[in-house]
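Chemist: Input: one structure, supplied below.
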Amino acid sequence: MKHSYIAIEGNIGAGKSTLAQRIVAETGAVFMPERFEDNPFLPLFYKNQERYAFTVELSFLEDRVQQVMDCVQNGSFIVSDYLWAKSLVFARVNLRDEELQLFERLYAVLTKSMPKPDVIIYLHRNTEHLLGHIGKRGRDYEQEIQAAYLERVEKEYRTYFQTEREIPVLWLTKPETEPNLLFQRTKALLENNFSPGLHEIV
């Protein structure tokens, strides 16, 4: 592929990691996975969102910034199953008032010089699909996620990407559920040149 940094995005349970790992397997790229399992605050957040929202979002932001800076500086072809800007998306879902304002100021400082991907692939899935996938993969702390929460996350992703002016965002409105078919479609899309901004791919 002609890109050097591809980010796969989507809601919780959209299949980001599966697609990213398939691209890595086919191209020999370096996989940059989201390190959510190492975050000790995530299970606590799902038990008490009001108390741990700021802590979990700040810890994710710090880790994502460090990981991206370390990986991109190596000069390898990178495929990631997240975009570091998801920290801002989720903060706008989970934080309120002064905490959100503080987080946005910290975000602006920490991400000022962040490397940007060449292209973002967004996997849109309906809420029923997301809940089904979340249930099947069986992470205990995710089992209480509600449809309304997933819908708020989806709304914030769309709002964020509608303002994107530097990176092409390919929003797959009906991505294939079969991994090989989704990979083939993604591979074909990545052969094209897209202008910066949001592109609805039907």
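Chemist: Lys and Arg at +1, Asp and Glu at -1: add these up for the other residues within a Cβ distance under 14 Å of F103 and post the number. Write out the running numbers ahead of the final one.
Modeler: Numbers: positive: R64, K86, R92, R96, R105; negative: E57, E62, D97, E98, E99, E104, E156.
Charge balance near F103 sits at -2.
Chemist: Please report the relative contact order for the chain, taking Cα pairs under 8 Å with a sequence separation of at least 6, and give it as a percent rounded to a whole number. If you can, show how the numbers build up before the last one.
Modeler: Numbers: 283 pairs, mean separation 59.6, N = 202.
Once normalised by length, the contact order is 29 percent.
Chemist: Shifting gears a bit: Report the FRET efficiency, 1/(1 + (r/R0)^6), for R51 and E128, where r is their Cβ-Cβ distance and R0 is 30 Å, rounded to 0.05.
Modeler: Details: r = 30 Å, r/R0 = 1.00.
Computed FRET efficiency for R51 and E128 comes out at 0.50.
Chemist: Quick one: Karplus J couplings for the stretch 91-107, per residue in order, coefficients 6.51, -1.76, 1.60, θ = phi - 60°, nearest Hz, x for Gly and Pro?
Modeler: Rounded to whole hertz, the list is 4, 6, 7, 9, 10, 9, 6, 5, 5, 5, 4, 5, 4, 5, 5, 5, 4.
Chemist: Continuing with the same structure: Using the count of nearby Cβ atoms within 10 Å as a rough guide to exposure, how do V89, V30 rank from fewest to most?
Modeler: Values: V89 21, V30 16.
So the ranking, lowest neighbour count to highest, is V30, V89.
Chemist: Please list, in chain and number order, the residues 5+ apart from R125 or on another chain whose amide H is under 5 Å from its amide H, with Hs placed from the backbone.
Modeler: N11
Chemist: Right, another one. Working out 0.36 nm times the residue gap between N74 and V202, then minus their Cα-Cα distance, what length gain in nm do you get to one decimal? Don't jump to the answer; show the numbers that get you there.
Modeler: Numbers: separation 128, 0.36 × 128 = 46.08 nm, distance 3.51 nm.
Stretched out fully, the N74 to V202 stretch lengthens by 42.6 nm.
Chemist: Could you please report the charge total around E128, scoring K, R as +1 and D, E as -1 over all other residues with beta-carbon less than 13 angstrom from its beta-carbon?
Modeler: Values: positive: R125, K136; negative: E151, E154.
Charge balance near E128 sits at 0.
Chemist: I would also like to ask the following. Pop out the ³J(HN,Hα) list for the stretch 41-53 in order, Karplus 6.51 cos²θ - 1.76 cosθ + 1.60 with θ = phi - 60°, rounded to Hz; leave Gly and Pro as x.
Modeler: 8, 5, x, 5, 4, 5, 7, 8, 5, 4, 6, 9, 4
Chemist: Also, I was wondering about something else. Just the number, please: Stokes-Einstein D of the stretch 1-114 in µm²/s, Kirkwood Rh from C-alpha pairs, 20 °C, 1.002 mPa s. Can you show the working numbers first?
Modeler: Working: Rh = 15.0 Å.
Using the Kirkwood radius from Cα pairs, D works out to 143 µm²/s.
Chemist: Right, next: Return the long-range amide H neighbours of V30 (sequence gap of 5 or more, or a different chain), with a cut-off of under 5 Å between placed amide H atoms.
Modeler: F77, I78, V79
Chemist: Okay, next question. Kindly write out, for the stretch 188-200 in residue order, the coupling ³J(HN,Hα) from the Karplus curve 6.51 cos²θ - 1.76 cosθ + 1.60 (θ = phi - 60°), rounded to whole Hz, with x marking Gly and Pro.
Modeler: Rounded to whole hertz, the list is 5, 4, 6, 7, 9, 9, 10, 6, x, x, 7, 10, 7.
Chemist: How long is the gain from F194 to S17 if the chain were fully straight, where each residue apart is worth 0.36 nm and the alpha carbon distance is subtracted? Intermediate values should be presented prior to the final figure.
Modeler: Working: separation 177, 0.36 × 177 = 63.72 nm, distance 2.31 nm.
Contour length minus Cα-Cα distance gives 61.4 nm.
Chemist: What spacing in nm lies between the two simple spin-label points modelled at D140 and E62, each 7 Å away from Cα in the Cβ direction?
Modeler: In this crude label model, D140 to E62 measures out at 2.5 nm.
Chemist: So which of K2/K155; K116/K136; K16/K116; K16/K155; K16/K187; K47/K112 end up more than 25 Å apart by C-alpha? List each step's numbers first, then the result.
Modeler: Values: K2/K155 31 Å; K116/K136 33 Å; K16/K116 18 Å; K16/K155 18 Å; K16/K187 15 Å; K47/K112 32 Å.
Result: K2/K155; K116/K136; K47/K112 exceed 25 Å.
Chemist: Over 18 Å, how big is the tail of the calculated P(r) for the stretch 85-202, in percent of all Cα pairs? Show your work: numbers first, answer last.
Modeler: Values: 4282 of 6903 pairs.
Taking all Cα-Cα pairs of the stretch 85-202, the fraction more than 18 Å apart is 62 percent.
Chemist: Within the set of other residues whose C-beta is less than 10 Å from the C-beta of W171, count the net charge using Lys and Arg as +1 and Asp and Glu as -1.
Modeler: After counting each charged neighbour, the total is -1.
Rule-based calculations on the coordinates, nothing more; no lab input. Only a predicted model underlies this, so the values are computations on that prediction, with no experimental measurement involved. Ideal geometry is used to build each Cβ from the backbone, glycine not excepted, and the neighbour counts take in all protein chains shown.
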